[in-house]
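Colleague: Take a look at the following structure, please.
The values are calculated or read from the model by the stated rules, or taken from the named source; none is laboratory data. Keep in mind it's a predicted model, so treat the numbers as computed, not measured. All Cβ positions, even for glycine, are placed from backbone atoms using ideal geometry, and neighbour counts span all protein chains on display. Only protein heavy atoms, including side chains, enter the accessible area calculation; ligands, DNA and RNA are left aside. Shrake-Rupley method; radii C 1.70, N 1.55, O 1.52, S 1.80 Å.
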Amino acid sequence: MSAEIAGLCLTAARDAMAGGDLSAAELTDAHIAQAKAAKDLNAIICENFEQARVGAAASDARRKAGEAGALDGIPLVVKDCYCTKGVPSTAGSHVLDGFVPPYESTVTANLWRAGAVLLGKANMDEFAMGSANLNPHTGPVTNPWQRANDPAKLVPGGSSGGSAAAIAAHVGLGATGTDTGGSIRQPASFCGIVGIKPTYGRCSRLGIIAFASSLDQAGPLARNVRDGAILLGAMAGFDPKDSTSVDRPVPDYEAALSGDIKGMKIGIPKEYRADGMAREIDALWQRGAAWLRDAGAEPVEVSLPHTEFALPTYYIIAPAECSSNLARYDGVKYGLRVAGDNLQEMYEYTRAEGFGAEVRRRILIGTYVLSAGYYDAYYLKAQRVRALIADDFRKAFEQVDLLLTPTAPSPAFGIDEEPDDPVAMYLNDVFTVPASLAGLPAVSVPAGLSGDGLPLGLQLIGRPFDEETMLRAAGVLEEAAAFGAVPALRVGAS
Amino acid sequence: MNLVQGSTGDWEPVIGLEVHAQVVSQAKLFSGAATEFGSAPNSQVSFVDMAMPGMLPVINEVCVEQAVRTGLGLKAQINLRSVFDRKNYFYPDLPQGYQISQFSQPIVGEGVVTLDMRDGSSREIGVERLHLEQDAGKSLHDQHPSMTYVDLNRSGVALMEIVSKPDLRSAEEAGVYVRKIRAILRYLGTCDGNMEEGSMRCDVNVSIHRPGEPFGTRAEIKNVNSVRFVMRAIDYEIERQIELVESGGTVVQETRLFDAGAGETRSMRSKEEAHDYRYFPDPDLLPLVLDAAWVEEIKAGLPELPDEKKARLVADYGLSPYDASVLVGEAENADFFEAVASGRDAKTAANWVTGSLFGALNKAGLDVADSPISAAQLGGLIDLIEDATISGRIAKDVFEIMFEIGQDAAAIVEEKGLTQVTDTGAIETVIDGVMAANADKVEEFRGGKEKLFGFFVGQVMRASGGKANPAAVNELLKEKLKG
Amino acid sequence: MSLDKATVLHIAKLARIALRDDEVEPLAGELSGILAFVEQLDRVNTDDVEPMTSVVEMELRRRADEVTDGGQAEAALANAPERADSFFIVPKVIE
Ligand SMILES: [Mg+2]
Ligand SMILES: [Zn+2]
């Protein structure tokens, strides 16, 4: 029974509660049960079940009083890099052990104002740096999906891997993620769910533990496009406390899902057909274009000449910003402190022990590219190339309304198949990073299965602040793909 | 050219100053916490100031306006587009691990400050730039044997860093420069200039070189917090560098601190380990763009500044440029003077204000604001001299009493019966008495020893208790001594 | 540009991250690999291209000069690993 309730998507659960056929208490209990059953996935690193039950009861009371909000009684999972007042928030890092924020992030505050319930905090790559959620401190997250008759544990992707695995396992009706270079879209693709990275500036960054300020953007992970649209509508909005937040009204994204894309021009960027692209990925991509054509849209080839330089650009800018953003973790104000004989030792031991290998690598690279004598050659050069990449998109959007690409170059890989060369891991984001550098909205929609039965996503990239057009086309893709496969490790899966 | 003599020849000192001035504002540069001085530790700290995870900066419009106003006061170029950068380094009172400052594109560009030197000459000192930046917190090293205490109340308070060109050539010029900057900021109301409370601090760059040769390596003396210390630090540093170089050593580029107690500068080894600030544009902020019309508005609203006031005092009151420059050092002083001088003889007014009053105030350790004698009262005293009610000599005594009890001059003169005697009859009686008592001297005078005249004047004035009108005394004595 | 151990130790110092001796060598290799990867950008002609600092085409928004924050020393210090009364404390800074 409870698995069936947990099986309802956000939209269905919302409508059932509105119709009086379901209480928030039942819904939350069902998801708590689901979370307990799925504990082995290690998707949730901080359970909030007791508070969730209290919140659900309060939601039912509000509904009785006729004061229910857009997300009233909806249990959600929140990525651990969102600061949640009174609830530990560590960004999956040892250096933030025991940190309990005395404040709430703007995005989660918006969700609670709409009536949503916090089920728990999601595991993630440390400080959102990674594409596999192989976090040595919080432990790896297991993807609910497995290859056809192969018990090997797979990664959920990252950095929002805990969020993606939870939603795929029906733990929570939706999750918040953050996307800096693909951290919402790539795990969504690996876990067979929908992931939306809105336009930079659409969601407030206040209270979200920063990785790379000029790229970080909050967004939802959901079971389907409609659920994602509803969540995004609640998360988005202007925040005067974030200097990069853009002051424009939030449209009704759900209402944008008319299914009508007749006459829409869909750009197919030829540079994304990287040589050595897996045939099944290429095939899926072409199928996606065909589905959109059948719905009345017109696919046209476009060129984004600087695409191949997006990853190198990203791996200068993101580490540079993170090396500075993470300087505050020094053992003085909060989190971990490792004693030393003097101040310098305290700093160096705290940060050596507090940060994992990948975070340390990125801090060191970032420190190097900003250091005297190298700033121009690396950082400034990257900022110039970034301008060229953004300009590629601007020109493309003079011809087309949307761009269609694969989300990731491969399906989920095994937890013990982590490449020991960091750069190989970086290639996971080859299709997602360009839109991040340009600050453009993008969505990953589950569109098919790989040869060995793993979900594959397609990515749609939109014009700045035109999430509506993007989501409308995503809805069409979703319907055409009719992705009905079920992950092996989902409890109650039938 | 100001040269310092060494044992091997002359050296020219080259000095540049970086003045950190705390912006007058209610709230901090990037947070809503208060800026008040001397509050309980960490009671004025927002989560932004202490770099809580996920906190973001939003700029304070008044801090921007104050920086622009200051730039205009320094006759400097206002940059309509400026950028905030991060200056990265680790220090316990720097919670973010970086200071938000302006590196390559400051809000204010080149300007100029005019110095009025004691000898009446004036020097133009170039201002390189002015930029906005965050102040750091406060580290207290004296609270515990093995621990440093950190109070972040100051963290994030807006500072204006005013960087001079290396145009200064002596400690004296540096002192005049700092006082002048302080005066301009106080006239503008953009910084209270309170150096005791640290609202104004100076980093001093000093180098020496042979006249005509390229500049030498400079040492930077950090955080000097009084004009006197700035001057002493510079004199010490010039001496140190000359002795060092003349004894075969070389000056190393380093940060030093001024130990006021020992009156010397010392190398800050701890701050020396390879600094590499890794400046880059703060991605949490966007370019700061100013509207030209808005800048013009601020310009139109500027108050009269020291240079203009000085020019006006010279023109309207015929003061010497130096007297005028001393008066305008503090707006209050100039205002006081103008109140006294209006409708009276400016020279006399200037003498009483800058001479007698400022002298007395200095001795009493007071400033004009709490002077026991108001401008009106001092004016009243001067009027009594003008209408010959009292002599200049009596006036000095009356002034003393006024300063003591703060009463009006007229009242004091009345009460103590100090009105001077102009009635010739009374004066003649006194003169007759004096001549009778000094018959011999009268003979000598009449015998041609005319320099005795002064002696008689003195005797008569004394006998009259100083109240006799000196002019009248001269007149009558001449006649009577002729016989 | 491949990084030698001295450079790795220098940037680790700048970043205040202690490295064990046995970590330096492999790290130098990894970092050099990443640098080699990003140095592909040398192939891009960026003459007269303005560096991009933000994707938001906006000017900096300014807030009013009002005291709206602070007065929460306890909340500020609550997460401190070490404190004395209302102060954060660190091993003595020697100057
Ligand atoms: Mg400086
Ligand atoms: Zn400064």
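Colleague: Mind listing whichever residues of the stretch A:46-75 are more than 19 Å from A:Pro101 (Cα to Cα) and open to solvent by less than 10 Å² (accessible area, probe 1.4 Å)?
Modeller: Within the stretch A:46-75, A:Ala56, A:Ser59, A:Leu71, A:Asp72, A:Gly73, A:Ile74, A:Pro75 qualify.
Colleague: While we're looking at this one, here's another question. Taking the conditions exactly as written (modelled with pLDDT of 95 or more and within 14 Å of another protein chain (Cβ to nearest Cβ)), does B:Pro303 satisfy them or not? If you could, list the steps in order and put the result at the bottom.
Modeller: Working: modelled with pLDDT of 95 or more: yes; within 14 Å of another protein chain (Cβ to nearest Cβ): no.
It is false that B:Pro303 is modelled with pLDDT of 95 or more and within 14 Å of another protein chain (Cβ to nearest Cβ).
Colleague: Which residues, taken from the stretch B:203-228, are more than 16 Å from ligand 2 (Cβ to nearest atom) and either over 17 Å from B:Ser164 (Cβ atoms) or outside the structural domain of B:Gly9 (by TED's automatic domain parsing) (or both)?
Modeller: Narrowing the stretch B:203-228 to residues more than 16 Å from ligand 2 (Cβ to nearest atom): B:206-219, B:226-228.
Residues satisfying the conditions are B:Ile208, B:His209, B:Arg210, B:Pro211, B:Gly212, B:Glu213, B:Pro214, B:Gly216, B:Thr217, B:Ser226, B:Arg228.
Colleague: Are any residues in the stretch B:27-46 assigned to a loop (DSSP other than H, G, I, E, B), within 7 Å of chain C (Cβ to nearest Cβ) and buried (at least 23 other Cβ atoms within 10 Å of the Cβ), and if so, which ones?
Modeller: Result: B:Ser31, B:Asn42, B:Gln44, B:Val45, B:Ser46.
Colleague: Is it true that A:Leu460 is of a type outside the set (Lys, Arg) and away from every other protein chain (no Cβ under 14 Å)?
Modeller: yes
Colleague: In addition: When you go through (1) among the polar types (S, T, N, Q); (2) assigned to a helix (DSSP H, G or I); (3) within 16 Å of ligand 1 (Cβ to nearest atom) one by one for B:Gln253, which number turns out not to apply?
Modeller: The failed condition is (2).
Colleague: Could you say whether any residue in the stretch B:137-145 is over 15 Å from B:Gly198 (Cβ atoms) and within 16 Å of ligand 1 (Cβ to nearest atom)?
Modeller: Checked against the condition, which is being over 15 Å from B:Gly198 (Cβ atoms) and within 16 Å of ligand 1 (Cβ to nearest atom), the stretch B:137-145 yields no hits at all.
Colleague: Now, a different point. Would you point out which residue out of C:Glu30, C:Glu50, C:Glu66 is within 7 Å of chain A (Cβ to nearest Cβ), of a type in the set (D, E, K, R) and assigned to a loop (DSSP other than H, G, I, E, B)?
Modeller: Exactly one residue qualifies, and that residue is C:Glu50.
Colleague: Then there is this: Is it the case that B:Gln5 is more than 8 Å from chain C (Cβ to nearest Cβ), more than 16 Å from ligand 1 (Cβ to nearest atom), surrounded by fewer than 21 Cβ atoms within 10 Å (Cβ to Cβ) and not hydroxyl-bearing (Ser, Thr, Tyr)?
Modeller: Details: more than 8 Å from chain C (Cβ to nearest Cβ): yes; more than 16 Å from ligand 1 (Cβ to nearest atom): yes; surrounded by fewer than 21 Cβ atoms within 10 Å (Cβ to Cβ): yes; not hydroxyl-bearing (Ser, Thr, Tyr): yes.
Criteria met by B:Gln5.
Colleague: Looking only at residues that are under 27 Å from A:Asp80 (Cβ atoms) and open to solvent by less than 20 Å² (accessible area, probe 1.4 Å) in the stretch B:54-77, which one is farthest from the chain's Cα centre (by Cα)?
Modeller: This residue is B:Gly54.
Colleague: Do we find a residue being part of a helix (DSSP H, G or I), at pLDDT below 95 and assigned by TED's automatic domain parsing to the domain that holds B:Ala171 anywhere in the stretch B:233-250? Lay out the reasoning, then the answer.
Modeller: Let us first name the residues in the stretch B:233-250 that are part of a helix (DSSP H, G or I), namely B:233-246.
Still in the list and also at pLDDT below 95: none.
No, the stretch B:233-250 contains no residue that is part of a helix (DSSP H, G or I), at pLDDT below 95 and assigned by TED's automatic domain parsing to the domain that holds B:Ala171.
Colleague: Taking the stretch B:180-223 on its own, how many of its residues are more than 15 Å from ligand 1 (Cβ to nearest atom), more than 27 Å from B:Val24 (Cα to Cα) and of a type outside the set (Ser, Thr, Tyr)?
Modeller: Adding up the residues that qualify gives 9.
Colleague: If you check B:Asp116 against the conditions, is it within 13 Å of another protein chain (Cβ to nearest Cβ), among the acidic types (Asp, Glu), more than 16 Å from ligand 1 (Cβ to nearest atom) and touching a residue at least 24 places away in the same chain (Cβ under 8 Å)?
Modeller: So B:Asp116 fails the test.
Colleague: Same structure again: Could you pull out the residue among B:Leu381, B:Leu313 that is under 14 Å from B:Phe403 (Cβ atoms), outside the structural domain of B:Asp116 (by TED's automatic domain parsing) and over 17 Å from the mean Cα position of the chain (by Cα)?
Modeller: B:Leu381
Colleague: If B:Ile162 meets every condition in (1) without any contact (Cβ under 8 Å) to a residue 12 or more places away in the chain; (2) crowded, with 24+ Cβ neighbours inside 10 Å apart from one, which number is that one?
Modeller: Checking B:Ile162 against (1) without any contact (Cβ under 8 Å) to a residue 12 or more places away in the chain; (2) crowded, with 24+ Cβ neighbours inside 10 Å, the one that fails is (1).
Colleague: Same structure again: Looking at the stretch B:13-24, can you tell me whether even one residue there is modelled with pLDDT of 95 or more, more than 27 Å from the chain's Cα centre (by Cα) and assigned by TED's automatic domain parsing to the domain that holds B:Met231?
Modeller: No, because not a single residue in the stretch B:13-24 is modelled with pLDDT of 95 or more, more than 27 Å from the chain's Cα centre (by Cα) and assigned by TED's automatic domain parsing to the domain that holds B:Met231.
Colleague: Could you grab me the full set of residues in the stretch A:411-428 that are closer than 19 Å to A:Ile193 by Cβ and at pLDDT below 95?
Modeller: A:Asn428
Colleague: Turning to a different aspect of this structure: Only residues that are within 16 Å of ligand 1 (Cβ to nearest atom) and not small (Gly, Ala, Ser): list them for the stretch B:8-22, please.
Modeller: Scanning the stretch B:8-22 gives B:Ile15, B:Leu17, B:Glu18, B:Val19, B:His20, B:Gln22.
Colleague: Okay, moving on. Does A:Ala372 satisfy the criteria of being over 25 Å from A:Ser183 (Cβ atoms) and outside any helix (DSSP H, G or I)? Lay out the reasoning, then the answer.
Modeller: Values: over 25 Å from A:Ser183 (Cβ atoms): yes; outside any helix (DSSP H, G or I): yes.
So A:Ala372 fits the description; yes.
Colleague: Which of the numbered conditions does B:Thr70 fail, given that it passes all the others? Conditions: (1) within 16 Å of ligand 2 (Cβ to nearest atom); (2) assigned to a loop (DSSP other than H, G, I, E, B).
Modeller: (2)
Colleague: Is there any pair linking a residue in the stretch B:9-24 that is in contact (Cβ under 8 Å) with a residue 24 or more places away in the chain and within 16 Å of ligand 2 (Cβ to nearest atom) to one that is outside any strand (DSSP E or B) and not hydrophobic (A, V, I, L, M, F, W, C), with Cβ under 6 Å and at least six apart or on different chains, and which?
Modeller: B:Gly16/B:Pro166; B:Gln22/B:Ser199; B:Val23/B:Gln66
Colleague: So, one more: Looking at the structure I just gave you, is A:Glu358 more than 7 Å from chain C (Cβ to nearest Cβ), open to solvent by 10 Å² or more (accessible area, probe 1.4 Å), assigned to a helix (DSSP H, G or I) and touching a Pro at 6+ places or on another chain (Cβ under 8 Å)? I'd like the intermediate steps shown before the answer.
Modeller: Numbers: more than 7 Å from chain C (Cβ to nearest Cβ): yes; open to solvent by 10 Å² or more (accessible area, probe 1.4 Å): yes; assigned to a helix (DSSP H, G or I): yes; touching a Pro at 6+ places or on another chain (Cβ under 8 Å): yes.
So A:Glu358 fits the description; yes.
Colleague: State yes or no: is B:Phe47 among the aromatic types (Phe, Trp, Tyr) and at pLDDT 95 or above?
Modeller: yes
Colleague: Then there is this: From (1) over 20 Å from A:Ala35 (Cα atoms); (2) within 14 Å of chain C (Cβ to nearest Cβ); (3) in a loop (DSSP other than H, G, I, E, B), pick out the condition that doesn't hold for A:Ser89.
Modeller: Among (1) over 20 Å from A:Ala35 (Cα atoms); (2) within 14 Å of chain C (Cβ to nearest Cβ); (3) in a loop (DSSP other than H, G, I, E, B), A:Ser89 violates only (1).
Colleague: Looking only at residues that are part of a strand (DSSP E or B) and among the β-branched types (Val, Ile, Thr) in the stretch A:243-297, which one is farthest from A:Pro411 (Cα to Cα)? Talk me through it step by step, then tell me what you get.
Modeller: Step one: list which residues in the stretch A:243-297 are part of a strand (DSSP E or B), which gives A:265-269.
When the remaining residues are screened for being among the β-branched types (Val, Ile, Thr), the result is A:266, A:268.
On the way: A:Ile266: 24, A:Ile268: 21 Å.
Of everything passing the filter in the stretch A:243-297, A:Ile266 is farthest from A:Pro411 (Cα to Cα).
Colleague: Sticking with this structure for a sec: Those residues that are surrounded by fewer than 15 Cβ atoms within 10 Å (Cβ to Cβ) and at negative phi, I need them from the stretch C:41-50; list them, please.
Modeller: Selection gives C:Asp42, C:Arg43, C:Asn45, C:Asp47, C:Glu50.
Colleague: Against the condition more than 24 Å from the chain's Cα centre (by Cα) and open to solvent by 10 Å² or more (accessible area, probe 1.4 Å), how does B:Ala51 come out, does it pass?
Modeller: Taking the combined requirement at face value, the residue does not satisfy it.
Colleague: Given A:Ala387, A:Ala327, which one is touching a Pro at 6+ places or on another chain (Cβ under 8 Å), closer than 26 Å to C:Leu31 by Cα, within 14 Å of chain B (Cβ to nearest Cβ) and assigned to a helix (DSSP H, G or I)?
Modeller: Criteria check complete, one pass: A:Ala387.
Colleague: Checking C:Ile89 against (1) under 26 Å from the mean Cα position of the chain (by Cα); (2) assigned to a loop (DSSP other than H, G, I, E, B); (3) more than 7 Å from chain A (Cβ to nearest Cβ): exactly one of these is not met. Which one?
Modeller: All conditions are met except number (2).
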